[in-house]
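Taken together, the values in this text are just the output of simple stated rules run on the coordinates, not laboratory data. Predicted, not measured: the structure shown is a model, and the values here were computed from it. Glycine also receives a Cβ, built like all others from the backbone with ideal geometry; neighbour counts cover every protein chain displayed.
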Amino acid sequence: MTRPRPKRTRAVREPLQVYLSRDDRDLLDRLAGEAGLSRAEILRRGLRSFAVEHRPVRSPMIEFLDSIAGDDWPNDMAERHDEYLADAYLDKHGDCEGCRRDREHA
């Protein structure tokens, strides 16, 4: 009777050939030895770290949402958002000639 073979995980990845200077190769070997990881794993982790540091610029809206994430907001912000926006607009534009004229005629 034949034993069933254990299922293999797809650990094999696409091979890639890289040319390293002697110093880079020595560094790679030292890091792999110290970390107890393969050279390939050190390169993979380095690639991922590099990607995190150099990710593309995020959407301005996401940046804005992140910037206000911890701020305190009134409990009724959703219901009265138009009023809050109008107040904020008048706070910043209240000294302009057109704004005074608009308020006087309102």
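Grab the other residues whose beta carbon is less than 14 angstrom from that of Asp76, score K and R as +1, D and E as -1, and report the net. The answer is -4. What's the Cα-based Rg to Rh of segment 25-75, Rh via Kirkwood? Ratio value, two decimals: 1.35.
Placing pseudo-labels 7 Å out from each Cα toward the beta carbon at Ile62 and Ala40 gives an inter-label distance of 3.1 nm. As a proxy for reagent exposure, ranking Leu27, Leu47 by other Cβ atoms within 10 Å from fewest up yields Leu47, Leu27. The Cβ shell under 11 Å around Arg30 holds other residues with a net charge of -3, Lys and Arg each +1, Asp and Glu each -1.
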